[in-house]
Every structure is written in structure tokens, then in C-alpha cells.
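Contents: one structure, followed by commentary.
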Amino acid sequence: QVQFVESGGGLVQPGGSLRLSCAAFGISFRIHAMAWYRQAPGNEREYVAIMTIGGGTNYIDSVKGRFTIFRDNAKNTVYLEMNSLKHEDTAVYYCNSFPANSGSWGQGTQVTVSS
């Protein structure tokens, strides 16, 4: 059974930083592209950042230059480094493979950007 466990969220002031972590279980991690997604209240879930198995990355425009996705295949873990956080980054953040495994969404981790 594929499972993703996210952590690292919290309350941070605008301009602050957080690093999210996601441990993957039951998946051949190193042969899957991985992604971070987020869902803000009232919005659909959207992808935020993708990392391919070859290390290529892609980001939505609103986080380019502020967020960095990276992975540690030895630990079956993907990370999201978030800097210069803005109010509009407030959301529940999830990780999953890309394309997403629809049956394997985890609980996510809440990120709240507020002064």
C-alpha cells in the first residue's frame, strides 16, 4: 500500500521560511517523479512543484524563485524548502507521485502564513 506522510508545516510570519518533508512508503520511490501539491480553503488542490527521477524541476509561477523541491532517494523522502512566504501560500500541503496516485493522499501538513 502506497502511503505518504507529510510533516514540517506550521505558523509563520510573512517573509519567513519552512521546510516540509514527505516520507514515502510502499512505492519504488526512485523510479517515480514526485510532487508537492497544496489546497487552500475553497480552492481545488493544485500542484506546486515537481521533481523528476532525473532531478529536473518545475514550479508553478507563483512560487518560482521562492520554493525549492529536492529529494533523497536513500531515505524515500522528498522535501519542499519554502522561503519568502506570503499570505497566499497558506494551505494544506501534500506530496504524491506525479501524476498523483489518487488513492494515496496523506493527511497533509498545514502551512499558515500570518502576522
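The values are calculated or read from the model by the stated rules, or taken from the named source; none is laboratory data. All of these numbers come straight from a predicted model, not from anything done at the bench. Neighbour counts run over all protein chains shown; Cβ positions are idealised from the backbone, glycine included. Keep in mind that these areas ignore ligands, DNA and RNA; they rest on the heavy atoms of the full protein, side chains included. Shrake-Rupley method; radii C 1.70, N 1.55, O 1.52, S 1.80 Å.
Ranked highest first by the average count of other Cβ atoms within 10 Å around their residues, in what order do 12-19, 108-115 fall?
Ranking the peptides 12-19, 108-115 by packing returns 108-115, 12-19.
For region 1-78 and region 79-115, write down the distance between their C-alpha centroids in whole Å.
A separation of 7 Å, based on Cα centres.
Relative contact order for the chain: what is it in percent, counting Cα pairs under 8 Å that are at least 6 residues apart?
37 percent
If you filter region 48-80 for trypsin sites (Lys or Arg not before Pro), then keep DSSP loop positions with at most 15 other Cβ within 10 Å, what is left?
Answer by residue number: LYS64, ARG66.
Once you charge only the Cβ atoms, +1 for Lys and Arg and -1 for Asp and Glu, what is the size of the charge dipole of the chain about its Cα centre, to the nearest 20 debye? Write down the numbers at each step before the final one.
Details: 9 positive and 8 negative charges, 47 e Å.
Dipole size: approximately 220 debye.
Under a 1.4 Å probe, what is the accessible area of the chain per residue, stated in Å²?
Working: 5940 Å² over 115 residues.
I get 52 Å² per residue for the chain.
How much of the accessible area of region 27-115, in percent, comes from carbon and sulfur atoms when a 1.4 Å probe is used?
47 percent
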